[in-house]
Amino acid sequence: MKDERIKKLADRLLHHSIRLQPKERLLIRGHINSKPLLKELIDEAYRIGAYPYVELEDDEISRHLLQGNVKEQLDTSSQWALKKYTDIDAVIVISGEGSAVDMSDIPVEKHRLQGEMMHTATLFYVNNRRWVLLNYPNNASAQKAGMSFDRYEDFLLSVCTMDYGKMEEALKPLKRLMERTDKVKVVSPGTDLSFSIKGMPAIICAGKKNLPDGEVFTAPLRDSINGTIAFNAPTIYEGAAFSGVELTLQKGKVTKAVSNHSIKMNEILDIDEGSRFIGEFAIGINPYILQPMGDILFDEKISGSLHMAIGAAYDEADNGNRSSIHWDMVLIQRPDYGGGDIYFDDVLIRRDGLFVLPDLLALNPNSLE
């Protein structure tokens, strides 16, 4: 990366996303390949007058640890993590998402144990601290996205430094509409799903928690979901790549789940009582993200998409579902992916990925770009 582009990204993270203030304590969890960005973040944090702390993470080391971890070991790690997050004011997490498939041979039980044991500490900082998550470009993530490294790097930096202030303003009418909506209906090839979001808050995501960003999320009332949904973007979870995911739900619970890895998928869905219920419903609107990239930070913001998450709800839009997992799955409704509609209280709000209501036209790609 060129230095000026890294600096622009660091400025966006510190000044827009977490709004770092003098004398605040910042924890930066950085992938080992992200040193150029880490250095810019440290230097700018010092210029602000804040106190940066850094943890370096490495996929190969993490894989070795995950293979052998046991409950007693993770109990100590969880206590340390909770104390650490209690002592800081903000968190920046820089991931190396591209090598997720390297974890595919780790037993599900190991992933499950780590998720369960670290859940309390993770939820504490997610719900009580300012934080932002992004992925740093590497060869593996570029390959997953089907791009050369240079093209992927340019793309990532462009989409991470777009005008998120403009996006935030454009999302406000959609937030207001969602918060006065009761019934939602989603129709696409293989999909006919209905649920209620009555009384649930809708949360704007415009560069404060994720980079890239571009969505509004809420949560369905836990037992209100009925029907079938066919997701058309691949999803990676616990090191495995799932495609052709179709879920059937009755009174909120996933009663049937099929994919290219149906057995493993159902093992994950049986992790705990909440893992067959939905914790999130969201609408993606980023005009620069058009195709699945095998990276959920990008894929859940795809223009003309929606996504739902199996498992835990967020505190900001809490439908009461509790689980050690939060697994996002994406449905793209643009014509090149088969099209589809979203209805709020029987009124069409989006067709084939484009908003049709006058108050929402500013969310279409030609207005946001």
Quiz item: If packing is taken as the mean number of other Cβ atoms within 10 Å per residue, what is the order of 86-92, 17-23, 296-302, highest first?
Solution: 296-302, 86-92, 17-23
Quiz prompt | Extreme residue, positive dipole direction of the chain, given options Val347, Ala121, Ala230 (C-beta unit charges) | solution = Val347
Self-check item: Debye, to nearest 20: dipole size of region 179-297, +1 on Lys, Arg Cβ, -1 on Asp, Glu Cβ
Solution: 360 debye
Exercise. For region 317-323, take each phi angle, set θ = phi - 60°, evaluate the Karplus expression 6.51 cos²θ - 1.76 cosθ + 1.60, and give the result in whole Hz per residue in order, putting x for glycine and proline.
Key: 9, 9, 9, x, 7, 10, 6
Quiz prompt | Cα-centre dipole for the chain with unit charges at Cβ (Lys and Arg positive, Asp and Glu negative), debye to 20 | solution = 660 debye
Quiz prompt | Mean Cα-pair separation over length for region 63-208, i.e. relative contact order, pairs under 8 Å, 6 or more apart, % | solution = 21 percent
Quiz item: Based on the alpha-carbon gyration tensor of region 1-139 and its eigenvalue square roots a ≥ b ≥ c, which shape applies: rounded if a/c is under 1.5, prolate if not and a/b is larger than b/c, or oblate?
Solution: oblate
Quiz item: Quick one: length gained pulling Arg19 to Ser77 fully straight, 0.36 nm per residue minus the C-alpha distance?
Solution: 18.0 nm
Self-check item: In Å², nearest 10: area of Glu40 left accessible to a 1.4 Å probe
Solution: 40 Å²
Quiz item: Non-local amide H neighbours of Ala233 (under 5 Å, H modeled in plane, Pro and chain starts lacking H): which ones?
Solution: Val330, Ile332
Quiz prompt | Relative compactness, region 115-230, computed as alpha-carbon Rg over 2.2 N^0.38 Å | solution = 1.33
Quiz item: At a probe radius of 1.4 Å, what is the per-residue accessible area of Tyr288, in Å² to the nearest 10?
Solution: 100 Å²
Quiz item: Quick one: of the DSSP bridges fully inside the chain, what percent are antiparallel, nearest 5?
Solution: 70 percent
Self-check item: 10 Å beta-carbon shell around Asp359, net charge (K/R +1, D/E -1)
Solution: +2
Quiz item: Expressed as a whole number of Å, what is the distance separating the alpha-carbon centroids of region 142-195 and region 1-57?
Solution: 25 Å
Quiz item: Distance in nm between label sites at Val108 and Asp359, each 7 Å beyond Cα in the beta-carbon direction?
Solution: 4.4 nm
Exercise. Multiply the residue separation of His64 and Lys8 by 0.36 nm, subtract the distance between their alpha-carbon atoms, and state the gained length in nm to one decimal.
Key: 16.7 nm
Exercise. With θ set to phi - 60°, apply the Karplus curve 6.51 cos²θ - 1.76 cosθ + 1.60 along region 205-221 and write out the HN-Hα couplings as whole Hz, x wherever there is a Gly or Pro.
Key: 10, 9, x, 8, 10, 10, 10, x, 9, x, 6, 10, 10, 8, 9, x, 4
Quiz item: So how exposed is Asp272, as accessible area in Å² (1.4 Å probe, rounded to 10)?
Solution: 50 Å²
Self-check item: Among (i) 0.94; (ii) 1.22; (iii) 1.00, the entry derived from the coordinates for Rg/Rh (Cα atoms, Kirkwood Rh)
Solution: (i)
Quiz item: Classify region 189-305: rounded, prolate or oblate, from the alpha-carbon gyration tensor (a ≥ b ≥ c, eigenvalue square roots; a/c under 1.5 rounded; otherwise prolate if a/b is larger than b/c)?
Solution: oblate
Quiz item: Helix-derived [θ] at 222 nm for the chain: sum -39500 (n - 2.57) over DSSP H runs of at least 4, divide by residue count, nearest 500?
Solution: -10000 deg cm²/dmol
Quiz item: When the Karplus curve 6.51 cos²θ - 1.76 cosθ + 1.60 is applied with θ = phi - 60°, which whole-Hz ³J(HN,Hα) does each residue of region 59-73 get, with x for Gly and Pro?
Solution: 4, 5, 5, 4, 5, 5, 5, 5, 4, x, 5, 10, 4, 4, 5
Self-check item: Cα centre as origin, Lys/Arg/Asp/Glu Cβ charges: region 292-369 dipole, Debye
Solution: 140 debye
Quiz item: Which one of Thr86, Asn69, Cys160 has its Cα pushed farthest toward the positive end of the charge dipole of region 65-177, where Lys and Arg give +1 and Asp and Glu give -1 at the Cβ?
Solution: Thr86
Exercise. Mind putting together the pair-distance distribution for region 151-194? All Cα pairs, 5 Å bins, whole percent per bin, short to long.
Key: 5, 16, 13, 12, 14, 15, 18, 7, 1
Exercise. Classify region 1-63 as rounded, prolate or oblate from the Cα gyration tensor: take a ≥ b ≥ c as the square roots of its eigenvalues, call it rounded if a/c is under 1.5, otherwise prolate when a/b beats b/c and oblate if not.
Key: oblate
Self-check item: Charge dipole (region 232-286, unit charges on Cβ, about Cα centre) - positive-most of Ile285, Leu247, Met265
Solution: Leu247
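The values are calculated or read from the model by the stated rules, or taken from the named source; none is laboratory data. Please read all numbers here as calculations on a predicted model, not as lab measurements. Here the Cβ is made from the backbone with ideal geometry for all residues, glycine too, and neighbour counts use every protein chain on show. The area values use the complete protein model at the heavy-atom level, side chains included, leaving out ligands, DNA and RNA. Shrake-Rupley method; radii C 1.70, N 1.55, O 1.52, S 1.80 Å.
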